[in-house]
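Below is one structure, written out as structure tokens, with a few remarks after it.
The values are calculated or read from the model by the stated rules, or taken from the named source; none is laboratory data. All figures in this text were calculated on a predicted structure; none of them were measured in a lab. Note that we place each Cβ from the backbone using ideal geometry, even for glycine, and neighbour counts take in every protein chain shown.
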Amino acid sequence: MSRSSQRIIAAGIGVIFLIAGMMKVLDPAAFAVDILNYRILPWTGAVALALYLPWVEIFCGAALVLHRGYRGALCIAAGLFAMFIGAYGSTRPRGLDVACGCFGHGAHRGYWPLLIGDGLLLAATLWLLKAEFRPLSPVIRAGREERAG
Amino acid sequence: MSLAIRQCLTILLLAVIPAIGTGVWHPKRPSWQSDEVTVAVARSWGASALWVDARADADFENGHIPGALPLNEERWDDLLPGVVDAWDPGRKIVVYCSSLSCQTSRDVARRLREEVSLPNVFVLQGGWEAWEAAQK
């Protein structure tokens with residue numbers, strides 16, 4: 001797949017992060033409650049994460065959209081998707097029925113649709129990462145070295 | 001690879017700055033103090049605890065904590081006066097819903113704090129299920 005298609009997909013993922021982060025920043029107290037409902041962190045941990053995570057999403061989303069700090073943003077995006085899948089996936093086996101809190105307080109899209117959706121986003125992010133770290137062909141590398149002098 | 005790590009760290013560190021600002025100045029910043037109480041703690045408050053049942057009317061009619069007043073979001077305007085009348089400054093309000101994962105007790109507790117400006121509003125950890133389990 002071409003570079004431009006990769007950028008479009010990355011920008012799409014970036015926009016999702018930007019929207020998700022902004023929705024959470026609007027009401028961090030409600031987001032802290034959503035995190036607490038996962039019953040993984042104590043209240044202070046939930047508060048710290050509610051204050052911090054939305055901004056990580058916003059910066060990560062902006063980096064993906066603007067293609068600045070791109071590789072780092074892809075790594076963070078993959079980590080966030082994996083973390084969310086692990087946390088949300090563990091709720092049903094533990095007998096919990098929680099709102100995911102992905103796009104603000106009370107957002108509830110159903111267990112499997114959410115996990116499948118995030119699984120697809122994680123797969124897309126990993127694919128972008130793989131493409132980014134793929135070794136350059138000798139021709140391209142030689143061209144870059146030549147331009148770099 | 002080292003470039004990616006540097007970029008990761010930059011993004012993660014940059015996010016700390018507005019996060020601190022959010023924690024200090026955001027009008028809807030969460031309190032660091034937890035508002036959850038266990039059944040044992042709430043019961044130890046005795047008569048100074050004002051129990052508020054945030055579940056639907058049908059659930060309330062099927063059974064509730066003795067002395068609890070109903071207050072759900074469906075009939076907020078009808079039920080709120082009863083809670084406000086029963087409250088006095090020395091009492092602690094303990095809101096509960098059905099179980100550990102229910103959300104309504106938190107929503108009702110929040111509205112009591114923000115819209116009615118009531119202090120000392122707590123959420124019962126585990127809700128009605130925890131109360132019933134504590135009776136066995």
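In the set (1) farther than 27 Å from A:Met23 by Cβ; (2) at pLDDT 95 or above, B:Ala54 fails one condition alone, (1). Residues of segment A:39-75 that are facing chain B (nearest Cβ under 7 Å), part of a helix (DSSP H, G or I), within 18 Å of the chain's Cα centre (by Cα) and not hydrophobic (A, V, I, L, M, F, W, C): A:Tyr52, A:Arg71, A:Gly72.
Scanning segment A:92-111 for residues being facing chain B (nearest Cβ under 8 Å) and either touching a residue at least 60 places away in the same chain (Cβ under 8 Å) or in contact with an Asp or Glu (Cβ under 8 Å, 6 or more places away or on another chain) (or both) gives a total of 3.
Scanning segment B:66-112 for residues that are more than 14 Å from chain A (Cβ to nearest Cβ) and closer than 15 Å to B:Val37 by Cα yields a total of 5. The number of residues in segment B:104-129 that are within 17 Å of A:Tyr38 (Cα to Cα) and either of a type in the set (Asp, Glu) or surrounded by fewer than 19 Cβ atoms within 10 Å (Cβ to Cβ) (or both) comes to 2. Taking the listed residues B:Pro81, B:Pro70, the one that is surrounded by fewer than 12 Cβ atoms within 10 Å (Cβ to Cβ) and modelled with pLDDT of 95 or more is B:Pro81, with no other qualifying. If the condition is being more than 7 Å from every other protein chain (Cβ to nearest Cβ) and not in a helix (DSSP H, G or I), then segment A:1-38 contributes A:Met1, A:Ser2, A:Tyr38.
When you check A:Gly95 against the structure, is it within 17 Å of A:Gly14 (Cα to Cα) and surrounded by fewer than 21 Cβ atoms within 10 Å (Cβ to Cβ), yes or no? Judged against the criteria, A:Gly95 is not a match. Taken together, the residues in segment A:98-129 that are surrounded by fewer than 16 Cβ atoms within 10 Å (Cβ to Cβ) and either touching a Ser or Thr at 6+ places or on another chain (Cβ under 7 Å) or farther than 22 Å from A:Ala73 by Cβ (or both) amount to 9.
Kindly establish whether A:Leu26 is farther than 19 Å from A:Val98 by Cα, in contact with a Lys or Arg (Cβ under 8 Å, 6 or more places away or on another chain) and surrounded by fewer than 18 Cβ atoms within 10 Å (Cβ to Cβ). When the stated conditions are applied, A:Leu26 passes them. For segment B:1-46, the tally of residues that are surrounded by fewer than 13 Cβ atoms within 10 Å (Cβ to Cβ) and more than 9 Å from chain A (Cβ to nearest Cβ) stands at 8.
Residues that are part of a loop (DSSP other than H, G, I, E, B) and farther than 29 Å from A:Leu96 by Cα within segment B:83-114 comprise B:Trp87, B:Asp88, B:Pro89, B:Gly90, B:Arg91, listed in sequence order.
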